[in-house]
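The values are calculated or read from the model by the stated rules, or taken from the named source; none is laboratory data. Since the model is a prediction, treat every value here as computed from it, not as a measurement. Don't worry about glycine lacking a Cβ; one is built from the backbone with ideal geometry, like all the others, and counts go over all protein chains shown. Surface areas here come from the heavy atoms of the whole protein model, side chains and all, with no ligands, DNA or RNA. Shrake-Rupley method; radii C 1.70, N 1.55, O 1.52, S 1.80 Å.
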Amino acid sequence: GGAWEGRMSDCDTFDGRFGSLMRGSAAIERLWTGGRWTEGPVYVPAAKAVIWSDIPEDRVMRYDETSGAVSVFEHPCGYHNGHTLDAYGRVVACEHGGRRISRLGFDGRWETIVDRFDGKRLNSPNDVAVKSDGSIWFTDPSYGIDSDYEGHTAKSEIGACNVYRHNPQTGETTAVVTSLDRPNGLAFSPDERILYVSNTSLSETPAIHAFRVAEDGRTVGGGRVFALSDNGVFDGFRIDRAGNIWTSSGDGVRVYAADGTLLGRINIPESVSNLCFGGRKRNRLYITATSSLYAVYVHANPAERPMASLGNASQPGNW
């Protein structure tokens, strides 16, 4: 458990629009602490739970929102990092150790979705998003092979850190962004016409880049800098129904409007790595920050994707 609790005084407003996104009476709660580097939260509606990674400990944790209990969901887990859900509500994971994108099947078994590009092993998938057409987009920096702390030391077989699109129907994997040194978090705008990707390279100013998605939905055009960070890096982030970007940073959760304006900041007493929307009404923001899991109720909900019917569950990505 965690004893820390803050209120709206722990938020900074830079634009009047921020006020409409926050509840003045809502407390910022620390739900759990005791991790080494927490990452990759995802809300699993069917389980009424949030799961997230504690990467150096090679474990996935679980917060039960009905009881407040925290337990180990999976250990060892292949050094999971980012998570998302596919259209059937199945958990899709980025594995540093397994150097793959995996999925938790209905039978409770993890299966490989993709672990190679052009016949070469991936570096260490970091974050993942599933588009409404069933394609799986993910970033592949080298953090999981740079040392034994978050994976297993190894040499990159690809020799680059890219963003990929995987078609689960055909098995085809293509590199869609090759211009970023360390692509990390990623998410689509509500209409899926823009792909946002954070670059956590320390050799340049950390930024979120915006790429226009082509009409065919399979490739992206040249990117532009959407936002620059002056405190730590932008790691993981999520986008709400209005197109606002809720992103991690070194000084808390920053919220940017789709026009690039910094609206406000939720101050967290640890460096934030990632976040997700959850809860029964999807209006609770769950935040992973260094050693802890935090939460706060907000006036926002996640951008929605079409859900598949279970009748097509035997054909992943086909709906």
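A few points about this structure:
- Counted residues, the range 205-223 - those being out of contact with any Ser or Thr (no Cβ under 8 Å at 6 or more places or on another chain) and surrounded by 12 or more Cβ atoms within 10 Å (Cβ to Cβ): 5
- Residue count, the range 107-148 (criterion: part of a loop (DSSP other than H, G, I, E, B), closer than 26 Å to residue 273 by Cα, touching a Ser or Thr at 6+ places or on another chain (Cβ under 9 Å) and among the acidic types (Asp, Glu)): 2
- Subset of the range 257-280 [of a type outside the set (Lys, Arg) and open to solvent by 10 Å² or more (accessible area, probe 1.4 Å)]: 258, 259, 260, 261, 262, 267, 268, 269, 270, 271, 277
- Residue pairs meeting the criteria (Cβ under 6 Å; at least 6 apart or on separate chains; first under 16 Å from residue 142 (Cβ atoms), in the range 161-185; second open to solvent by 10 Å² or more (accessible area, probe 1.4 Å) and of a type in the set (A, V, I, L, M)): 162/175; 163/176; 164/175
- Contact map, the range 242-253: residues that are farther than 17 Å from residue 292 by Cα paired with residues that are open to solvent by 20 Å² or more (accessible area, probe 1.4 Å) and part of a strand (DSSP E or B), Cβ distance under 6 Å, separation 6+ or inter-chain. Pairs shown: 246/238.
- So residue 283, is it open to solvent by less than 50 Å² (accessible area, probe 1.4 Å), under 22 Å from residue 53 (Cα atoms) and free of Cβ contacts under 8 Å to residues at least 24 places away in the same chain: yes
- Checked against the criterion of being free of Cβ contacts under 8 Å to residues at least 12 places away in the same chain, under 14 Å from residue 137 (Cβ atoms) and open to solvent by 20 Å² or more (accessible area, probe 1.4 Å), the range 186-202 has no qualifying residue.
- First in the range 1-29 and open to solvent by 40 Å² or more (accessible area, probe 1.4 Å), second anywhere and modelled with pLDDT of 80 or more and in a helix (DSSP H, G or I), Cβ under 9 Å, 6 or more apart: 12/18; 13/19
- Only one entry of 103, 36 meets the criterion of being of a type in the set (Lys, Arg), within 27 Å of residue 141 (Cα to Cα) and assigned to a loop (DSSP other than H, G, I, E, B), and that entry is 36.
- Candidate set from the range 193-235 (those that are assigned to a loop (DSSP other than H, G, I, E, B) and under 19 Å from residue 174 (Cα atoms)); member that is nearest to the chain's Cα centre (by Cα): 193
- Boolean, residue 240 is open to solvent by less than 10 Å² (accessible area, probe 1.4 Å) and of a type in the set (D, E, K, R): yes
- Being open to solvent by less than 30 Å² (accessible area, probe 1.4 Å) and in a strand (DSSP E or B) is a property that residue 53 has.
- Any hit, the range 82-91, residues being within 19 Å of residue 248 (Cα to Cα) and part of a helix (DSSP H, G or I): no
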